[in-house]
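What follows is a set of notes on a single structure, which appears directly below.
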Amino acid sequence: MKIIHAKDYTDMSRKAANIISAQIIMKPDCVLGLATGSTPIGTYNQLVEWYNKGDLDFSQVTTVNLDEYRGIDRENPQSYYYFMRDKLFSRVNIDTNRTFIPDGMDEDSERACRAYDEIIKRCGGIDLQLLGLGHNGHIGFNEPGTAFEAQTHLVNLTETTIKANQRFFKDDENVPKQAYTIGIKSIMQARKILVVVSGEDKAEALRAAVCGPITPNVQASVLQLHNDITIVADEAALSRI
Ligand code: F6R
């Protein structure tokens, strides 16, 4: 496990974007596993900046996102589909036919999950998986207690996660209680993993993930078993390590 110390959020974003850029340059038709949430926004902004300068080409890149809320359609500004289009896809030359996000509107959750596993398989697996870290140690929406063997599945979000997500919704009642997420198994099968972590509020989760026992109670602790993982974290997030 490699831990890269960043000074602050901006530095973390630039360092993470550097790693993603290197992946795209080395393998222009790579498969990127992408995350939403607040943490990667700076990384996406940096990638867009380098794309605008002519330093990056997304035309052959495929992306597979980690998760999507259930019951929120793609045009809803709170959907992860909307987020990805807004923060990255509409700002670079990616072919949107090659961008994948679980279908939150599929009523048949089993079908939605198997279809998504099939997409990941058809892409040939993930070359570089970008992850954020939840306060309870979740990665994707794999909440504490989930079996490490899980593939794409429907999740009942925990109270902590629902609370953390409230900041994005005007009305508390509208915060989704369920989401689709790719499982730990698919994350661990990625050839490289890059985790971005910022802020003191993540320090305990990062400590537990990196220094604590490997346990389903801290989903991110499984990353200790991956053979090519880089964590880019700022000083505040690293304050307990
Ligand atoms: C998002 C995701 C989540 C977030 C995590 C951290 O696609 O899968 O695991 O990465 O909840 O979220 P932020 O970055 O908002 O603190």
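Data for the structure
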quantity: Residues located in the range 147-179, provided they are open to solvent by less than 50 Å² (accessible area, probe 1.4 Å) and within 12 Å of the ligand (Cβ to nearest atom); calculated: Val155, Leu157, Thr158, Thr161, Ile162, Ala164, Asn165, Ala179
quantity: Count of residues meeting criterion [of a type in the set (S, T, N, Q) and out of contact with any Phe, Trp or Tyr (no Cβ under 8 Å at 6 or more places or on another chain)] in the range 100-130; calculated: 1
quantity: Some residue of the range 27-44 being more than 17 Å from the chain's Cα centre (by Cα) and within 16 Å of the ligand (Cβ to nearest atom); calculated: no
quantity: Check on Pro176, assigned to a loop (DSSP other than H, G, I, E, B), touching a Leu at 6+ places or on another chain (Cβ under 9 Å), within 23 Å of Tyr82 (Cβ to Cβ) and modelled with pLDDT under 95; calculated: yes
quantity: Yes/no for Asp106 being at pLDDT below 95, open to solvent by 60 Å² or more (accessible area, probe 1.4 Å) and in a loop (DSSP other than H, G, I, E, B); calculated: no
quantity: Condition met for Arg191 (closer than 15 Å to Leu133 by Cα, away from the ligand (no atom under 13 Å from the Cβ) and open to solvent by 20 Å² or more (accessible area, probe 1.4 Å)); calculated: no
quantity: Any chance Ile126 is open to solvent by less than 10 Å² (accessible area, probe 1.4 Å), under 17 Å from Leu32 (Cβ atoms) and part of a helix (DSSP H, G or I); calculated: no
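Here's the yes/no breakdown for (1) surrounded by fewer than 23 Cβ atoms within 10 Å (Cβ to Cβ); (2) of a type in the set (Val, Ile, Thr); (3) under 30 Å from Ala150 (Cα atoms); (4) in contact with a strand residue (DSSP E or B) (Cβ under 9 Å, 6 or more places away or on another chain):
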| residue | (1), (2), (3), (4) |
| --- | --- |
| Asp8 | yes, no, no, yes |
| Lys15 | yes, no, no, yes |
| Ile20 | no, yes, yes, yes |
| Cys30 | yes, no, yes, yes |
| Leu34 | no, no, yes, yes |
| Lys53 | yes, no, no, no |
| Ser59 | yes, no, no, no |
| Thr62 | yes, yes, yes, yes |
| Asn65 | no, no, yes, yes |
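The values are calculated or read from the model by the stated rules, or taken from the named source; none is laboratory data. Quick caveat: nothing in here was measured; it's all calculated off a predicted structure. Here Cβ is always computed from backbone atoms with ideal geometry, including for glycine, and neighbour counts include all displayed protein chains. Surface areas here come from the heavy atoms of the whole protein model, side chains and all, with no ligands, DNA or RNA. Shrake-Rupley method; radii C 1.70, N 1.55, O 1.52, S 1.80 Å.
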